[in-house]
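Remarks on the structure that follows.
Every read-out reported here was derived from the displayed coordinates using simple, explicitly stated rules and does not represent laboratory data. If you're wondering where the values come from, they're calculated on a predicted model, not measured in any experiment. Backbone-built Cβ (ideal geometry, glycine too); neighbour counts: all protein chains shown.
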Amino acid sequence: MNNPSEKKIWFPAKRYGWGWGAPCCWQGWVVLGVYIILLTAAALIIPKYGLPFFYGYTFVLSLILIAICWRKGEKPRWRWGKKS
């Protein structure tokens, strides 16, 4: 049975390297989908405002995604594959 105090993971850690892999639940897929939709929309709409504005928007959007992954994902650390 699940422990109610246990944190539900949306983004599991990658097996190799540092960071997170593909989402493992629907909430993570929604977050990733919204990120991709907002980034695609920006690529179509924002260029009329200039490239620096697009870079700033992409940077802020990516920081938000990283913050969500940090909060709802496994603790990031360097991994070298399966544990023995």
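Observations, loosely collected:
- GNM result for the chain, Cα springs below 10 Å: residue of GLY21, GLY33, GLY50 fluctuating most strongly: GLY50
- Scanning residues 5 or more positions from ARG79 or on other chains, those with amide H under 5 Å from its amide H are GLY17, TRP18, with H placed 1.01 Å from N in the peptide plane.
- Under 5 Å between amide hydrogens, built in the peptide plane, is the criterion, and for GLY21 it picks out ALA13, LYS14 among residues at least 5 positions away or on other chains.
- Among the lysines of the chain, pairs at least eight places apart or on separate chains and with Cα atoms under 17 Å apart come to 9.
- GNM result for the chain, Cα springs below 10 Å: residue of ALA41, ALA22, ALA13 fluctuating most strongly: ALA41
- If R0 equals 35 Å, the separation of the Cβ atoms of LYS7 and LEU44 corresponds to a calculated FRET efficiency of about 0.45.
- GNM top mover of PRO52, PRO12, PRO23 - the chain, alpha-carbon springs below 10 Å: PRO52
- For the stretch 22-84, the dipole from Cβ point charges (+1 on Lys and Arg, -1 on Asp and Glu) about the Cα centre works out to 400 debye, to the nearest 20.
- Size of the stretch 7-84: Rg and Dmax of its alpha carbons, in Å, are 15.0, 53.
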